[in-house]
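Participant: Structure below; questions to follow.
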Amino acid sequence: MVLELVALALAIGGAFFAMVAAVGLVRLPDVYTRIHAASKSDTLGALMSVAAVALVIQTETATLKALFLLLFLFLTNPTAAHAIARAAQDQGIEPWTVDDPDGGEDA
Amino acid sequence: MVDVAQPLLALAGAFVVFAIVAMYRVVTGPTLHDRVIAVNVVGTNTVVAISLAAGAFEEPVFLDIALVYALLNFLLSIAISKFSVEHGGVL
């Protein structure tokens, strides 16, 4: 009973943070801010939802698998975002600033 | 006993919707890195949707598929970011 309610709350929170990531990916002005939205919000949303699955699922090995998936997402998602940000910086893409006249859409 | 299967399936649908929203950034770019990070978000949302379906249907096998998909997603992002730089020195 309590376990299911906690799992539901976690899953709904995870969906909320995934929505924040999607909105940030569409609305923010340049590559670096979009990477910021995608890496942090989406990682938290994924972690909360997979934790909900780990609480709900009945088999013990399945819980272990869900925990491994959680750990793996926690390690790889920020690493991938970091690598992409480094690649963008190496190619000389300038970060967007407030006095950018074109709003950074073609940064 | 709270029935948790239907809400988990609905939330999996919500994750699919957010992946479709992220596809907007894959299509419009403008840089390669925008597309890569958006594809990464689409992949992560797919992994979460698969694992939510595993929780809803009580199918532990789905979690194996989600693990493999997460690995491939990570490999794609690292490979593209590495080979888009001249000497491959990103990490």
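Participant: Does anyone have the angle between helix B:32-57 and the longest principal axis of chain B? Alpha-carbon axes, 0 to 90°, nearest 10?
Facilitator: 20 degrees
Participant: Using helices alone, I'd like the mean residue ellipticity at 222 nm for chain B: each DSSP H run of four-plus residues gives -39500 (n - 2.57), total over residue count, nearest 500.
Facilitator: Values: 3 runs with 73 residues, N = 91.
So the calculated ellipticity at 222 nm is -28500 deg cm²/dmol.
Participant: Here's something else I'd like to know. Taking each pair of different alpha-carbon atoms in chain A once, compute 1/r for the pair, average those values, and report the inverse of that mean as the Kirkwood hydrodynamic radius in Å to one decimal.
Facilitator: With all distinct Cα pairs of chain A included, I get 15.4 Å.
Participant: Follow-up. Sequence gap at least 6, Cα distance under 8 Å: using those rules, report the relative contact order of segment A:17-81 to the nearest whole percent.
Facilitator: Result for segment A:17-81 is 31 percent.
Participant: About its Cα centre, what dipole magnitude does chain B give when the only charges are +1 on Lys and Arg Cβ and -1 on Asp and Glu Cβ, stated in debye to the nearest 20?
Facilitator: About 360 debye.
Participant: Only Cα pairs under 8 Å and at least 6 apart count here; give the relative contact order of segment B:5-83 as a rounded whole percent.
Facilitator: 33 percent
Participant: Could you give the angle, 0 to 90 degrees to the nearest 10, between helix B:61-83's Cα long axis and the longest principal axis of the Cα atoms of chain B?
Facilitator: 10 degrees
Participant: Go ahead and run the numbers for FRET between residue B:71 and residue A:97, Cβ-Cβ distance against an R0 of 41 Å, rounding to 0.05.
Facilitator: The pair residue B:71/residue A:97 has a calculated efficiency of 0.65.
Participant: Given just the C-alpha atoms of the protein assembly as shown, how large is their convex hull per residue in cubic angstrom?
Facilitator: Values: hull volume 19.2 nm³, N = 198.
Normalising the Cα hull of the protein assembly as shown by residue number yields 97 Å³.
FYI, it's all coordinate maths here, none of it is from the lab. Bear in mind the structure is a predicted one, so any value in this text is a computation, not a measurement. Methodologically, a virtual Cβ is constructed for each residue, glycine included, from the backbone with ideal geometry; neighbour enumeration extends over all protein chains shown.
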